[in-house]
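Student: Submitted below is the structure of interest, expressed as structure tokens.
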Amino acid sequence: MALELAHKNKIIHRDIKPENIVCVGDRIVLADFGIVKAIAKENILHTNYSFDKTKRLGTPGFMAPEQIQGKVLDEGVDIFALSAVLYNLATDHLPFDGDTIEQILTQVKSIRCVIRVISIKICQLNL
């Protein structure tokens, strides 16, 4: 609900990770909105927004490729990070891991290439 509300208000969190998802009583709370970014002119923070490239902020193991590369961001970066959190919860591993941001980005790019090749081959089956 918190992420949905943020996105409806044109705000992205940019640091979704297990440490920022906490239990408070019987509620699950999304915490640490310290590096949020407005992604539309009209936003709840009443701050300036920019579709320009963005500084690398976040936790590398949970960052979307465009976030790692400092590209223009949208709500997808939070969805990617939430997916990485769920993967981590299910497997006790990060989906992409490395000692540097560059190593993580290399892994993300390589898996995208594999997915693209598999998609092309499936499409060529004429099912």
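Student: Checking the conditions here, which among Ala84, Ala31, Ala90 is within 26 Å of Met1 (Cα to Cα), at pLDDT below 85 and among the aliphatic types (A, V, I, L, M)?
Tutor: It is Ala31.
Student: With the requirement that a residue be surrounded by fewer than 18 Cβ atoms within 10 Å (Cβ to Cβ), closer than 21 Å to Ile12 by Cα and aliphatic (A, V, I, L, M), what does the range 79-104 give you?
Tutor: Ile79, Leu82, Leu86, Ile101
Student: Among what's in the range 63-78 and is in a helix (DSSP H, G or I) and free of Cβ contacts under 8 Å to residues at least 60 places away in the same chain, pick the residue that is surrounded by the most Cβ atoms within 10 Å (Cβ to Cβ).
Tutor: Step one: list which residues in the range 63-78 are in a helix (DSSP H, G or I), which gives 65-68, 76-78.
Checking which are free of Cβ contacts under 8 Å to residues at least 60 places away in the same chain leaves us with 65-68, 76.
On the way: Pro65: 18, Glu66: 17, Gln67: 26, Ile68: 19, Gly76: 14.
In this case the residue turns out to be Gln67.
Student: Suppose we filter the range 20-32 for residues that are farther than 12 Å from Gly58 by Cα and surrounded by 12 or more Cβ atoms within 10 Å (Cβ to Cβ); how many remain?
Tutor: Step one: list which residues in the range 20-32 are farther than 12 Å from Gly58 by Cα, which gives 21-31.
Filter again for surrounded by 12 or more Cβ atoms within 10 Å (Cβ to Cβ), leaving 21-22, 29-31.
Result for the range 20-32: 5.
Student: I've got another one for you. Let me confirm something: among Asn43, Asn20, which residue is under 23 Å from Leu105 (Cβ atoms) and either at pLDDT below 85 or not small (Gly, Ala, Ser) (or both)?
Tutor: Unique residue meeting the criteria: Asn20.
Student: From Thr59, Thr54, grab the single residue that is surrounded by 14 or more Cβ atoms within 10 Å (Cβ to Cβ) and at pLDDT below 65.
Tutor: Among Thr59, Thr54, only Thr54 is surrounded by 14 or more Cβ atoms within 10 Å (Cβ to Cβ) and at pLDDT below 65.
The values are calculated or read from the model by the stated rules, or taken from the named source; none is laboratory data. What you are looking at is a predicted structure, and each value in this text was computed from that prediction instead of being measured. With ideal geometry, Cβ positions are generated from the backbone for all residues, glycine too; neighbour counts draw on all protein chains shown.
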